[in-house]
Structures are given as C-alpha cells and as structure tokens.
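> Mind looking over this structure? Questions follow.
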Amino acid sequence: LADALRQGRRSEFENFPELSHPQARARIPDHNARETFQRSRQHFDGPDAKDWRALYTALLRLRREQITPHLKGARSEGAAAIGAKAVSAHWRLGNGARLTVAVNLDHAAVRAALPNTTPIWGEANGGALSGDTTLAWITP
C-alpha cells in the first residue's frame, strides 16, 4: 500500500514541467518516510521560540476545538481574491455554520466584505483586512 501511495502521489505532479521527468519526480519526498516527517516538524530555536510555540499551540487548539468537530459533511463555498495579495475563502461546516478565512499577504490594508462578528482568530479592523493578517470567523 505504501508503494502505491508513494507512486500515486508522485504521479500527481507529472503535469508540472519541472517534474515531468520520472527522475525529477523521484526526488519528491516520500510522505511515508520517517525522515520526511522529521524534516517537516517545526524546530523552535532562538530568542522567540517561546512565542512561536505559543502561536502553534493556540492554532492547533482552535482547530481541534472549533473546526475539526464539524468537518464531517463540510463543503467549500468558494474563494475569491479581495486584493492584489489577499483572498477570502468560505466553507459550510457539517453543523451548518460557515467558516470564513481571510488572508492578506500585502502590507497595506484592503477593503472587503467580511463577517460582521468577532473573529475566532485575529483582530477585525472594521470593513478592512489589515496588512499581513489572517482572520477566521465561524458564523451561523
């Protein structure tokens, strides 16, 4: 089964020009390999390590408590660019609530039609999505 999954995963990339040759696809990390898992883990070193661990802990708790319990039956309701470097995406969760995630990778704020409730992640800025920001809402 592991070989079939490995080959299937690699074949998904064959239409990318840089991975069209089998030798190039052979360099794709094996998602079943222990070393791939070890390389993908975050290693928090340095003076801000405590802050990074706290951020990851908060995000994982949010996912575990507010999103994961409602994934069964969830479906995408689409996504749209809301700025040159910003996007908003929506999902209808299995419990009927709507999950909205808005990301702005630009430094400048963008005006957008965002939920008018308190986000479950991030701080809202009226009808604008601040620069360098990710916000998430769950609404009825």
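> Among the helices (runs of 4 or more DSSP H) lying completely within segment 2-92, list those that include at least 3 residues that are closer than 24 Å to L105 by Cβ.
It comes to 49-62.
> Does segment 93-130 hold any residues that are of a type in the set (A, V, I, L, M), modelled with pLDDT under 95 and not in a loop (DSSP other than H, G, I, E, B), and which are they?
Matches in segment 93-130: A128 only.
> Next question, about the same structure. What are the pairs with Cβ atoms under 6 angstrom where one residue, in segment 21-49, is more than 23 Å from R6 (Cα to Cα) and the other, located anywhere, is open to solvent by 80 Å² or more (accessible area, probe 1.4 Å) and modelled with pLDDT of 90 or more? Sequence gap at least six, or different chains.
F44/W52; F44/R53
> Ok, one more. Output the residue which, of all residues in segment 68-95 that are within 14 Å of P140 (Cα to Cα) and within 14 Å of the chain's Cα centre (by Cα), is least open to solvent (accessible area, probe 1.4 Å).
Only one residue fits best here, namely H90.
> Does segment 131-140 hold any residues that are open to solvent by 20 Å² or more (accessible area, probe 1.4 Å) and either modelled with pLDDT under 95 or over 16 Å from H107 (Cβ atoms) (or both), and which are they?
Result: I138, T139, P140.
> I've got another one for you. Let me spell it out: the conditions are (1) within 17 Å of the chain's Cα centre (by Cα); (2) surrounded by 15 or more Cβ atoms within 10 Å (Cβ to Cβ); (3) not hydrophobic (A, V, I, L, M, F, W, C), and T57 meets all of them except one. Which number is the exception?
(2)
> A further question follows. In this structure, does R98 turn out to be of a type in the set (D, E, K, R), over 30 Å from P140 (Cα atoms), open to solvent by 40 Å² or more (accessible area, probe 1.4 Å) and touching a His at 6+ places or on another chain (Cβ under 8 Å)?
no
The values are calculated or read from the model by the stated rules, or taken from the named source; none is laboratory data. Computed from a predicted structure; not experimentally measured. Cβ coordinates were reconstructed from backbone atoms using ideal geometry, including for glycine residues, and neighbour counts include every protein chain displayed. With ligands, DNA and RNA removed, areas are computed over all heavy atoms of the protein, side chains included. Shrake-Rupley method; radii C 1.70, N 1.55, O 1.52, S 1.80 Å.
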